[in-house]
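Readers should treat all values here as calculations from the given coordinates under stated rules, not as data from a laboratory. For clarity, every value in this text was computed on a predicted model and none was experimentally measured. Cβ placement follows ideal geometry from the backbone for every residue including glycine, while neighbour counts extend to all protein chains displayed.
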Amino acid sequence: MSILVLLLAVFFLPLFPASVVFNRLAAASDHLAARVALFVIWPQIGVVLILWGDLAVGPGVIAAWAVLSAILYAFRMLTVREVGRWSAMLASSAWPLAWLYALQAPTAPSLVAFTLALTAAPVLILVVRAALASRLEAAYTGLHGGLARDLPRLSGLIVVTTLAAMALPLFPGFFALLAVLSGATLWVAIGILLTWLLWSWAGARLLEGTVFGPRSGPVAPDLSAFAAWWAALLIGLIVAAGLVWTGGAL
Amino acid sequence: MIELQWLIPLLPFVAALLVHLLSGRLGQRVARLSVGLNLVVLILAAYQLFHYIAADSGPQWVALTGGWGSLQIDPLSAIMALVVSGISLVVHIYSVRYMVEEPGYGRFFMLLDLMTGSILLMVMAGDLITLLVAWHLIGVMLYFLLGHNTEPPRTQRYAFWTFIAYRLGDLPLVLAAVILFQTYGVLDFPTLFERIAATPDARTFLDLPVTGAVAFLVALAAFAKSAQFPLHTWLPYTMEGPTPVSALMHAGVVNAGGIIINRFAPVFVHSGEVLHLLFVVGLLTALIGSVLMLTQNDIKKALGYSTMGQMGFMVMEAGAGAFALAIFHLIAHGLFKGTLFLNAGNVINAARRHDGVPNDPLYDFLVERKSAPASLPWLMIAAITLIVPLAILVIVHAWVAPGFFQQQGAIVLLFFGWVAGVQVLFSAYRLDTENPLRMMALIILSFAVIVVGYVMVGHTFEAFLYPDAAFRAALYSAAGIHELTFNMLVVLLAVLMVLGWLGAYFTRVRRQPVDDGRGGVWLSMYSLFSRELYVADIYERGTARLLDLSKRLNVWLRWS
């Protein structure tokens, strides 16, 4: 029974190859609200299943599987150009870390919060994707670069969300990674750090293909000041929530 | 007092926020706000240092909350806060006019403030997580500062190189922090270092010693941030960024490696092997950086490789056990290299008016009616050149710190001091001058003054930074190797140096043509160095392969 529950959880806190299901679902809808709902609810179902199941059945196998899944998707993010898919792959790379955290037997609220911390960045990237698609008809990196010159507010939003995707301080992902590393073994820790490095590389490529470089593409309106303030408030709340949760991370 | 010190790292962040919010309203006047707040930071940092010395109450530590977010006020943090805030203020003032015609004027000052705040937080961090936060932020801020001009692809390319190199330096420090926390169960530095001193033999993953593993990881982090070979390729190419950023980076940011090594000195004192690694990597970096510097024809790139060489010396000094000297070196280097960068534009302008190439002696003799340059007997000069610097160094050290000679690290430092002194005299001998004796005497006098000043200040500085004499001795002792091996190495290196100088002398005297049968070898070597040992090319090739593999995987897995 326990193994069946865990196998089911593999689809919701996706580990490769079960993660293909989530990525197909994420690509199926263009609606922002539907995608955000999927990104927020889907992994929490996995969390519930993990808490219900028994991870003691094979912790070594689970840890190895989770680390390899995280690295695989982080590596694949390097050459993904469609921002929506990029976001789904970021989630597919980040959520396996929740398995590693679960192996350290945290409390249920901690595991839920940990998963939410890793979900924040992919959701923010979805918002960026919607903003890009509505202005430039497509959200592809390298297609319409150099946005920093004409769309400074949108560029600012892209930069900040990409920093969140790279799990840099003070975003929740940074503290979530420190939390899972604090209980990791050497090989698991090296796997997590490699994943982290690949996120940074992929994030830098995303910035190079959107914000930086010579301006190309159609003339498009920037974010309104009102929208920019709302985005700043949302990101500020996410950072504050992360700091409150991880007041003493590690 | 200590609560006031929170203002030192926090005020630059406040300045960044105000600059961002007010740049639309104030326009270019927003720079004055940034400069003003940084001046306050400098005054606070100066007050902090003088208060620390005057109060003589020892290191202090204070936390915002129970978990992380703390500052440590000790000699290292107090002196580095003053240096960083001073250099940052100069760069701010310089940028007010220098950047005035560049787009994104307000953004530049915001980033400069964020960078200053991050460096100050790093040098003053009192616990592992605060240190990690600052350590990560420095790389991010540098990335955006170097890529300030967002459009040229070259700028973005080299900013990316820097960012990735810095990320490579971030992660070993994270792993070091994890090992320390898992082993000792605390985050704050005072308690952590107490526990390390109490149980230095603790073991970690794979039954490795904790101190050795942590020291190795901290060293890796320092290598990436301080451009040690082969993680140096980003440094010379950062010249694509604005000149004030180059100055700030070469005077401050790149020194992060030396600071972090000193911060973890209580770990390194138990890790002799890692100190030897520091020495070897530093030496290799110093050599390669200096050689590559000589092959550059771009002044800023040459300065970049010069910084690489200096960083190599700094790491090497730490590897010899002279931790305080590494800090002294990085401060001195920061000040003179910052000055050079900020003055690079003037040098380039002057070179456009006058190329600076000296006249041919025959031209001087016939047209300018100057007397022909005289030369002294080479044997006499060789004796003076080899012996006088050694005598000055030994006498001065014997006068200031007689016990210093008992440490191997001290001998290493004296050796390099001797090499530098001989090199200066040797170069002077090669100069064409009417009165070589007078020039030689002036150089010897200058060298003696510099050595006296440097040694006195250096030893006082060492006593300030590491007041515990036993700890200083333990650092030198940890860096030591077997005596016979050490003596043989010193003799071997001295012989190699002298042979090198003799070779250079005879090459000059005989004025051999380049194509003497060995021309092909020299040309190959020049090609190798002018292509910067192909290190960047290897990285580029590797990167392209990885990206190709990623693309193939995505196609094979249908992008899901």
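Miscellaneous remarks
- The stretch B:123-187 and the stretch B:1-72 have their alpha-carbon centroids 21 Å apart.
- For chain B, the relative contact order works out to 11 percent when only alpha carbon pairs closer than 8 Å and six or more residues apart are counted.
- Across the stretch B:1-126, the relative contact order, built from alpha-carbon pairs under 8 Å that are at least six residues apart, equals 40 percent.
- Acute angle (nearest 10 degrees) that the helix A:186-210 long axis makes with the longest principal axis of chain A, alpha-carbon atoms: 10
- Least to most buried among B:Met525, B:Met80, B:Met141 (fewest other Cβ within 10 Å first): B:Met525, B:Met141, B:Met80
- The stretch B:289-347 and the stretch A:172-211: distance between their alpha carbon centers, rounded to Å: 32
- Note that chain B, at 10 °C in a medium of 1.306 mPa s, gets a Stokes-Einstein diffusion coefficient of 62 µm²/s from its Kirkwood radius over C-alpha pairs.
- Placing R0 at 25 angstrom, the Cβ-Cβ distance between B:Arg154 and A:Asp150 gives a FRET efficiency of 0.75 after rounding to 0.05.
- In a simple Cβ point-charge model (Lys, Arg +1; Asp, Glu -1; nothing else charged), the stretch B:1-126 has a dipole of about 440 debye relative to its Cα centre.
- For chain B, the longest principal axis of the C-alpha atoms and the axis of helix B:535-556 are separated by about 40°.
- Net lengthening on full extension, B:Ala544/B:Leu484 (0.36 nm per residue, minus Cα-Cα): 16.8 nm
- Under a 5 Å amide H cut-off, with hydrogens placed 1.01 Å from N, B:Asp127 pairs with B:Ser70, B:Phe189 among residues at least 5 apart or on other chains.
- FRET efficiency, B:Lys551 to B:Thr65 (Cβ-Cβ, R0 41 Å, nearest 0.05): 0.35
- Among B:Ile444, A:Leu234, B:Pro209 - extreme Cα towards positive end, dipole of the protein assembly as shown, charges at beta-carbon: A:Leu234
- Placing +1 on the Cβ of every Lys and Arg and -1 on the Cβ of every Asp and Glu, with nothing else charged, gives chain A a dipole about its Cα centre of roughly 320 debye.
- Rounded D (µm²/s) - the stretch A:2-245, Kirkwood Rh over Cα pairs, Stokes-Einstein at 10 °C, 1.306 mPa s: 88
- Once the Cα atoms are used to define both axes, helix B:299-319 deviates from the longest principal axis of chain B by about 70 degrees.
- Ascending count of other beta-carbon atoms within 10 Å, so fewest first, for B:Ile348, B:Ile411, B:Ile119: B:Ile348, B:Ile411, B:Ile119
- The mean sequence separation of alpha-carbon pairs under 8 Å and at least six residues apart, normalised by the residue count of chain A, gives a relative contact order of 22 percent.
- Residue by residue, the stretch A:223-235 carries 3J(HN,Hα) couplings of 4, 6, 4, 4, 5, 5, 5, 5, 4, 4, 5, 4, 5 Hz when phi is fed to the Karplus relation 6.51 cos²θ - 1.76 cosθ + 1.60 (θ = phi - 60°); x denotes Gly or Pro.
- Karplus-derived 3J(HN,Hα) values for the stretch B:488-498, using 6.51 cos²θ - 1.76 cosθ + 1.60 with θ = phi - 60°, are 5, 5, 4, 5, 4, 5, 4, 4, 4, 4, 4 Hz; glycine and proline are entered as x.
- Couplings for the stretch A:108-123, taken from phi via the Karplus curve 6.51 cos²θ - 1.76 cosθ + 1.60 with θ = phi - 60°, read 4, x, 5, 5, 4, 5, 4, 5, 5, 4, 7, 8, 4, 5, x, 5 Hz in order; Gly and Pro are left as x.
- Of the residues B:His148, B:His51, the one with the fewest other Cβ atoms within 10 Å heads the list, and the complete ranking is B:His51, B:His148.
- Nitroxide proxy distance, nm - points 7 Å out along Cα→Cβ at B:Ile299 and A:Leu243: 4.4
- Remark: spin-label model distance A:Leu234-B:Asp56 equals 6.0 nm, labels positioned 7 Å along the Cα→Cβ axis.
- Residues B:Ala383 and B:Leu7, FRET efficiency given R0 of 41 Å [Cβ-Cβ distance, rounded to 0.05]: 0.10
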